[in-house]
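The values are calculated or read from the model by the stated rules, or taken from the named source; none is laboratory data. As the structure is a prediction and not an experimental result, all values here were calculated from the model. Cβ placement follows ideal geometry from the backbone for every residue including glycine, while neighbour counts extend to all protein chains displayed. We work out accessible area using only protein heavy atoms, side chains counted, and drop any ligands, DNA or RNA first. Shrake-Rupley method; radii C 1.70, N 1.55, O 1.52, S 1.80 Å.
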Amino acid sequence: MTESNNISSAPNEALLSSAGGFTAFSFGGYNIRFRAPYSLERYVDVIKWDNGYLVVLAKYSHNDQPEEEYIDLKPILRDLYIDSATFLKPIKNVRIAYA
């Protein structure tokens, strides 16, 4: 899974990006935004998708090389009153996409 500039997605594919200090996770008409680490420049690659848990490579301003980062969407979805089991079930793939 690699970065793409194409922001449209397949029916079972979610999109991950970042801008303005926020991470954006888009799927099924939802664009969920949450605070990103202060020095995040961009997400580079999705290493693993596991039903709401992401392992990604992220480029930070303080390091020349991408670093492994972990994102757990379940607590974020819970705080937004979104049923994580229903929301996450159809997602088969997550792709990095910047406009």
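For residue 3, the criteria (1) at pLDDT 95 or above; (2) surrounded by 16 or more Cβ atoms within 10 Å (Cβ to Cβ); (3) under 13 Å from the mean Cα position of the chain (by Cα) hold in every case but one, which is (1). Selection of segment 63-99 for residues being assigned to a helix (DSSP H, G or I), aliphatic (A, V, I, L, M) and open to solvent by 50 Å² or more (accessible area, probe 1.4 Å) yields only 85.
Just for segment 21-62: of the residues that are farther than 16 Å from residue 88 by Cβ and among the aromatic types (Phe, Trp, Tyr), which one is surrounded by the fewest Cβ atoms within 10 Å (Cβ to Cβ)? Looking at residues that are farther than 16 Å from residue 88 by Cβ and among the aromatic types (Phe, Trp, Tyr), I get 38. Pairing each residue of segment 36-50 that is assigned to a loop (DSSP other than H, G, I, E, B) with any residue that is open to solvent by 80 Å² or more (accessible area, probe 1.4 Å) and of a type outside the set (Asp, Glu), provided the two are 6+ apart or on different chains, yields C-beta distances under 9 Å for 39/62.
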